[in-house]
1. For helix 136-156, report the angle its Cα long axis makes with the longest principal axis of the Cα atoms of the chain; keep it between 0 and 90° and round to the nearest 10°.
2. Would you mind giving the average projected area, over all directions, of the Cα convex hull of region 82-236 in nm² with one decimal?
3. Hey, what angle do you get for helix 169-181 against the long axis of the chain, alpha-carbon based, 0 to 90 degrees rounded to 10?
4. Under Stokes-Einstein, with the Kirkwood radius over Cα pairs standing in for Rh, what whole-number D in µm²/s applies to region 3-98 at 10 °C and 1.306 mPa s?
5. Can you tell me how much longer the chain between Val249 and Leu138 gets when fully stretched, taken as 0.36 nm per residue apart minus their C-alpha distance, in nm with one decimal?
6. Please compare each pair in Lys17/Lys38; Lys135/Lys190; Lys83/Lys131; Lys107/Lys131; Lys17/Lys202 to a cut-off of 24 Å on the Cα-Cα distance and tell me which ones are over it.
7. With only alpha-carbon pairs counted, each pair once and no self-pairs, how large is the Kirkwood hydrodynamic radius of region 123-207 in angstroms?
8. Go through Ile161, Ile178 and list them by solvent-accessible area, largest first, probe radius 1.4 Å.
Amino acid sequence: ACTLLVSYFLFFSEQYKSINHVLKSSLLFVSNFLLLRKPGYFDPSMQENPFLHTWSLSVEEQFYIFFPLGIYLLLRYAKSGYKYGLVAIAVLSFIANIIVTAHNPQKAFYWPHTRAWQLMCGAILATRLIKTTSKQWLNNLLSIAGVLMILAGVILFREGIVYPGWNAVLPTVGACCIIYGAASGTIANKLLASRPMVFVGKISYSLYMWHWPIWVFASFLVIGPLSLVQKAMLIAVIFIVSYASYRLVEQPFRSKKAAANPFTVWG
């Protein structure tokens, strides 16, 4: 609502119309399919859309809708072998990801079935199909390797790379290594359990929701590229707004009172 209001006064009518279309599609969890018909993700015209980041939320929601149904069918017909059914789905999705990326990276980027393998990796870890190890040195090694893999993606991935494809393996496997190796007492566990990291984790959804619209508006208003000082200030603003959103929107709506009557949240 806030983003739409600011966009109304900031952008031209045609831009606003495009922004409004993406918003409507995101409310129905299909913005990834709408954005698929538009220019590439890194196209300059798309970088001005404050709802561009909703594509991943739509893929997420599609997963939340169909994954429980898939689990039900696997438990009904595969019973004890349902875990291997998850592996089969992940493998098929990964193969689809490689094939589609080679022919049409944009489709592979937005399609849920070419992204499902990344979500399935988390599901496979959750089922404990891969048994955790009590060897501290191995857990430390895996968690450190995971952090380095994600950092490598941050440093090496640049505009114009082919993604997802094989490049998506780096951050996905990195995240899996951190989760798998983050046993009690490991370096990863201590890092993730630290107060700053826990704080970022708590407000992470609000951070994701707010970071892109604020960045787009700032880039639109500032003449030329943002300086390092401006970027630092912007990041601070994003954190402040996200924390406020976490306290004033997320937390109240999680209460039993809100579940009973959403209109009394702030009463």
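1. The two axes meet at around 30 degrees.
2. For the Cα atoms of region 82-236, the hull's average projected area reads 11.3 nm².
3. Its long axis makes an angle of about 60 degrees.
4. Estimated via Stokes-Einstein, D reaches 102 µm²/s.
5. Answer, rounded to one decimal: 35.9 nm.
6. Cα-Cα > 24 Å for Lys107/Lys131; Lys17/Lys202; rest within.
7. By the Kirkwood definition, the hydrodynamic radius is 14.1 Å.
8. Ile161, Ile178
The values are calculated or read from the model by the stated rules, or taken from the named source; none is laboratory data. All values reported here derive from a predicted model rather than from experimental measurement. Backbone-built Cβ (ideal geometry, glycine too); neighbour counts: all protein chains shown. Just the protein is used for accessible areas: all its heavy atoms, side chains included, with ligands, DNA and RNA removed. Shrake-Rupley method; radii C 1.70, N 1.55, O 1.52, S 1.80 Å.
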